[in-house]
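The values are calculated or read from the model by the stated rules, or taken from the named source; none is laboratory data. Since the model is a prediction, treat every value here as computed from it, not as a measurement. Every residue, glycine among them, receives a Cβ derived from its backbone with ideal geometry; neighbour counts consider all protein chains shown. With ligands, DNA and RNA removed, areas are computed over all heavy atoms of the protein, side chains included. Shrake-Rupley method; radii C 1.70, N 1.55, O 1.52, S 1.80 Å.
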Amino acid sequence: MSYNTHAQHSHRFLPPLNALKAFESAARLKSLTKAAQELNVTRAAVSQQVKLLEQYLEATLFERSGSQLTLTDDAQYYLPLLTQMFDSLSVGTEQLFERKRRNLLTLNIAQSFCHQWLIPRLAEFQRLHPDLELKIATTSNPYPNTSQTADIEIINGVLPKGSQYAERLTSEHWVLAASPSYIKQHGVAKVSDIAKAEKLSTTGYRENWNYWFNRIGYCQDWVKPTLNFDHSLLAVEAAVCGLGILMVKDVLIENQLKQGELQIVGEWKIPCETSHYTLCHNPSNPMAIQFFDWLKHSVD
């Protein structure tokens with residue numbers, strides 16, 4: 001395998017980089033002089049590199065008439081390829097290696113929590129830190145991703161042991177919620193009403209409807225969920241649309257409760273075994289510590 005890879009790389013048809021840069025600049029600007037200014041070299045050096053590329057490719061790239069440059073058909077096809085390649089290389093390099101020179105903070109956050117809790121509060125953080133750029137990715141992994149490069153990670157799971165910069169972010173409870181129209185139509189006030197009602201479920205939780213009925217001591221038969229979603233956002237939306245009663249973490253429906261899209265069903269409130277935890281993977285970054293402290297202050 002390694003031999004084939006080496007053989008493949010050794011037969012790459014790659015012209016000299018400086019020659020490619022000189023041609024791409026001259027062709028894009030249609031001027032050797034402007035290309036020389038852009039590349040901070042002499043006009044003669046650009047001309048020499050373009051001629052070198054033509055020799056390498058055994059092709060004519062420019063039709064020269066005095067100071068005027070006209071691209072040949074080959075050059076017109078070649079230029080967009082090179083421009084795209086250099087642009088992609090520039091953007092990729094900046095994203096990967098320029099991070100320390102920018103006020104960039106990378107976040108990896110549980111998706112539902114990001115959508116339901118963090119985003120509505122981000123305006124405050126931006127007001128406090130207007131020069132800080134945030135790069136946010138979402139995850140559904142309940143365990144820390146030790147191989148990723150995010151400065152801050154928020155997971156919905158169990159706090160890892162022995163982590164110095166890890167902290168439980170919220171105190172969460174399981175509640176039942178439904179749309180006002182569903183509650184009005186079905187009158188779900190008693191446990192027996194809940195047992196017969198349509199139920200919504202988010203898969204992946206060990207604390208499910210069976211857990212809920214066991215915790216409140218209900219031992220009779222109950223109707224199993226007919227709608228099961230792989231994501232809390234979908235389950236919350238289904239509840240808003242009046243499709244049934246949702247067992248959900250209270251922290252994930254704060255906005256829907258404030259806006260009146262959902263109402264709490266009954267007075268049952270069961271502490272969650274799992275919760276959202278914040279991990280600071282880059283404590284040497286002062287911006288990461290600032291965000292870490294802001295998160296803790298936001299839930300006080």
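Summary table below
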{"read-out": "Lys249 vs. criteria open to solvent by less than 20 Å² (accessible area, probe 1.4 Å), touching a residue at least 24 places away in the same chain (Cβ under 8 Å) and basic (Lys, Arg)", "value": "yes"}
{"read-out": "Residue match in region 224-235 (condition: crowded, with 17+ Cβ neighbours inside 10 Å, out of contact with any helix residue (DSSP H, G or I) (no Cβ under 8 Å at 6 or more places or on another chain), of a type in the set (Gly, Ala, Ser) and in contact (Cβ under 8 Å) with a residue 24 or more places away in the chain)", "value": "yes"}
{"read-out": "Residue list for region 165-197, filter: touching a helix residue (DSSP H, G or I) at 6+ places or on another chain (Cβ under 9 Å), of a type in the set (A, V, I, L, M) and in a helix (DSSP H, G or I)", "value": "Val191, Ile194, Ala195"}
{"read-out": "Flag if Ile264 is surrounded by fewer than 21 Cβ atoms within 10 Å (Cβ to Cβ) and free of Cβ contacts under 8 Å to residues at least 12 places away in the same chain", "value": "no"}
{"read-out": "Meets criteria (among the charged types (D, E, K, R) and modelled with pLDDT of 90 or more) for Lys196", "value": "yes"}
{"read-out": "Which listed residue is at pLDDT 90 or above and either over 15 Å from the mean Cα position of the chain (by Cα) or open to solvent by less than 50 Å² (accessible area, probe 1.4 Å) (or both), from Leu81, Leu134, Leu89, Leu105", "value": "Leu81"}
{"read-out": "Unique match (being part of a loop (DSSP other than H, G, I, E, B), charged (D, E, K, R) and in contact with a Phe, Trp or Tyr (Cβ under 8 Å, 6 or more places away or on another chain)) among Glu207, Glu267, Glu273, Glu261", "value": "Glu207"}
